[in-house]
Number of protein chains: 2
Amino acid sequence: MNSLRIVFLGTGAAVPSRDRSLPSLAIQADGRILLFDVGEGAQHRMLQAGLSPLKVVAVFITHLHGDHVFGLPGLLQTMAMMGREEPLTIYGPPGLKGFVEAALELSSRSPSNPRFKVKLILGEDLRYDSEDYVVESFPVEHSPGSLGYVFRERDKPGRVNLDRLRKLGLEPGPYLRVLKGGRPVRVSGKLVKPEDVLGPPRRGRVVVYTGDTLPSERVVEVSRGADVLIHEATFTHELADEAHEKGHATAKEAAETALEAGVSLLILTHISARYRDPSQLYVEASRIFPFTLVAHDLMFLALRLS
Amino acid sequence: MNSLRIVFLGTGAAVPSRDRSLPSLAIQADGRILLFDVGEGAQHRMLQAGLSPLKVVAVFITHLHGDHVFGLPGLLQTMAMMGREEPLTIYGPPGLKGFVEAALELSSRSPSNPRFKVKLILGEDLRYDSEDYVVESFPVEHSPGSLGYVFRERDKPGRVNLDRLRKLGLEPGPYLRVLKGGRPVRVSGKLVKPEDVLGPPRRGRVVVYTGDTLPSERVVEVSRGADVLIHEATFTHELADEAHEKGHATAKEAAETALEAGVSLLILTHISARYRDPSQLYVEASRIFPFTLVAHDLMFLALRLS
């Protein structure tokens, strides 16, 4: 996997504002899309961002508050209208079942009766595996059963060290693929092991999405050394009491978490509609953790392979 | 009732396009809002149009295809977040119950657990009565149980005829309100009846919204003499076969309906995403019925009292 993009589809909280739609973000890995939360209007933003619902391979819901899930019925219906046949897997907390089933029941009345299967994998300890990456859930502190997700690209084989290759009297060739796959290979009668000619494995990229949460030690643990931590920051710290009462974190707390975890980049999202101008959130967080961005709708970020 | 506005919140069909959100329109009568269909993103458009969810007194759903109802959960949740206490009545076909209940069940998990009651009035022959107007459903030909709605303002008392008043030796005064209320009154010992001094009653304004439908004789009957007919026109007539197969009308057929019913104004809506430029639909319809508009998102129209 080489291309990895994060696209922010909705960066608001609770209710839409003029600038921010409801929570949803996409991780695009080699053209396939993983969706995290599907607030109302997510499919409109996907259209604006040029992301096709047919390319979504899995959906991850953090928790069952309406602002994070009420875009699901429309997205499923649009997939049906587009003639999707590939199954879709939705991960999330157990209570999601009734709502998704009621939505599918309505869709089944329509001429666009879905031809694709929706598979629900619900629980508190979820894991999605693909050849190139893994997504795992972790518990956060918001409402009962609320989850965050960590996206981990699998480590890549090291680059070929041409000097060492030459010292062994070898030329580059197709056998290098076998070595990159982790297996030894016999070349011109000589047994070559991966570590003989490859540099150290390159660490896969790691993106953490908290969903809604109070400041949480668990987020720190999961995020240690991550490339990107996407942390909710519903309020500034002067409203810390209100934030905590509602199970949310402040910009300051998100920055403290990023600092403690030693991530490369912090992106604040889930911004309350009261902040027309998000610079307060930025200033508060970047004083503590300088590598901070405040997400806006349709913002995207391409992540370089390390 | 004096002020009457129609606001188009979503004018697309089936799936959102870059320009058109999913079906929803508002009739604003003296500041109160009646919503007809609530496609996904309706609340975003309400925000853009400056229409408060707290001012919605009733919702009318035409049929149970997702593009017409999947904005309801988010709208109800936002009403709850805004602290709404006034009950909300939702009218529509019977199958709506499961979906609304599943959405409310999710909302009840949230800190914004609704404090207002949602009353569902479901059936095939629906009627909403207020002091100033009536909304009635009528059957249309689309999917089983599909409805259109007609909004009828109650007739207004005639204007005071000052000449007749003077001939009776009377001066204007508060007693005129009693006459306008339809009751006789004794003034300076003289019995005055409404018809003695008032002109003919002024006909209330009538707006018809078809929802999705094949061309229908029933729409013609209901729309006779209406001020505004809001008719679906999913396709142009060259796609008549596809339109009819899917239970839809063409722009030409909408215009023929308007002509036969003798309405004052035809507005085409529910425009397929294939028409980036709606002028084809306009040209086709206005050749038959000149007083035609093609709706666009956030278009609004103020209706004068006749």
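The values are calculated or read from the model by the stated rules, or taken from the named source; none is laboratory data. Keep in mind it's a predicted model, so treat the numbers as computed, not measured. Positions of Cβ are generated from backbone atoms using ideal geometry, with glycine treated the same way; all protein chains shown enter the neighbour counts. These area figures cover heavy atoms from the full protein model, side chains too; ligands, DNA and RNA do not enter into them. Shrake-Rupley method; radii C 1.70, N 1.55, O 1.52, S 1.80 Å.
Observations
- Residues of segment B:208-227 that are surrounded by 24 or more Cβ atoms within 10 Å (Cβ to Cβ) and either assigned to a strand (DSSP E or B) or modelled with pLDDT under 95 (or both): B:208, B:209.
- Residue selected from segment B:129-139 under the condition open to solvent by 50 Å² or more (accessible area, probe 1.4 Å) and at pLDDT 95 or above, by the criterion farthest from the chain's Cα centre (by Cα): B:139
- Qualifying residue in segment A:282-298 (condition: open to solvent by less than 40 Å² (accessible area, probe 1.4 Å), within 30 Å of residue A:201 (Cβ to Cβ) and not acidic (Asp, Glu)): yes
- Selection from segment A:88-97 of residues that are within 10 Å of another protein chain (Cβ to nearest Cβ) and open to solvent by 40 Å² or more (accessible area, probe 1.4 Å): A:97
- Qualifying positions in segment B:81-91 - of a type in the set (Gly, Ala, Ser) and in contact with a Phe, Trp or Tyr (Cβ under 7 Å, 6 or more places away or on another chain): none
- Condition check for residue B:245: surrounded by 22 or more Cβ atoms within 10 Å (Cβ to Cβ) and under 21 Å from residue B:63 (Cα atoms): no
- Residue in segment A:44-58 that is more than 16 Å from the chain's Cα centre (by Cα), at the interface with chain B (Cβ under 8 Å from one of its Cβ atoms) and either modelled with pLDDT under 95 or open to solvent by less than 10 Å² (accessible area, probe 1.4 Å) (or both) present: no
- Search result, residues across segment B:142-196 that are out of contact with any helix residue (DSSP H, G or I) (no Cβ under 7 Å at 6 or more places or on another chain) and closer than 30 Å to residue B:124 by Cβ: B:142, B:143, B:144, B:145, B:146, B:147, B:149, B:151, B:152, B:153, B:154, B:155
- Condition met for residue B:57 (in contact with a strand residue (DSSP E or B) (Cβ under 8 Å, 6 or more places away or on another chain), closer than 20 Å to residue B:33 by Cβ and in a strand (DSSP E or B)): yes
- Here residue A:220 fulfils each of the conditions (1) on the phi < 0 side of the Ramachandran plot; (2) in contact with a Phe, Trp or Tyr (Cβ under 8 Å, 6 or more places away or on another chain) apart from (2).
- Which listed residue, of A:192, A:100, is open to solvent by less than 20 Å² (accessible area, probe 1.4 Å) and within 14 Å of chain B (Cβ to nearest Cβ): A:100
- Looking across segment A:16-39, the residues that are buried (at least 22 other Cβ atoms within 10 Å of the Cβ) and over 18 Å from the mean Cα position of the chain (by Cα) come down to A:16, A:20.
- Failed condition for residue B:117, given (1) farther than 14 Å from residue B:38 by Cβ; (2) open to solvent by less than 10 Å² (accessible area, probe 1.4 Å); (3) more than 10 Å from every other protein chain (Cβ to nearest Cβ): (2)
- Scanning segment B:140-158 for residues that are surrounded by 15 or more Cβ atoms within 10 Å (Cβ to Cβ) and either touching a Ser or Thr at 6+ places or on another chain (Cβ under 7 Å) or within 14 Å of chain A (Cβ to nearest Cβ) (or both) gives B:140, B:141, B:142, B:143, B:145, B:146, B:147, B:148, B:149.
- Residue satisfying all of: in segment A:64-83; assigned to a loop (DSSP other than H, G, I, E, B) and open to solvent by 10 Å² or more (accessible area, probe 1.4 Å); farthest from the other protein chains (Cβ to nearest Cβ) among these: A:83
- Filter result for residue B:18 (more than 8 Å from every other protein chain (Cβ to nearest Cβ) and among the basic types (Lys, Arg)): no
- Evaluation of residue A:36 against (1) part of a strand (DSSP E or B); (2) at pLDDT below 95; (3) hydrophobic (A, V, I, L, M, F, W, C) (one fails), failing number: (2)
- Residues in segment A:159-168 that are open to solvent by 30 Å² or more (accessible area, probe 1.4 Å), outside any strand (DSSP E or B) and touching a residue at least 12 places away in the same chain (Cβ under 8 Å): A:159, A:161, A:164, A:168.
- Some residue of segment B:169-177 being surrounded by fewer than 16 Cβ atoms within 10 Å (Cβ to Cβ) and within 26 Å of the chain's Cα centre (by Cα): no
- No other residue among A:67, A:37 is free of Cβ contacts under 8 Å to residues at least 60 places away in the same chain, among the acidic types (Asp, Glu) and touching a Pro at 6+ places or on another chain (Cβ under 7 Å) apart from A:67.
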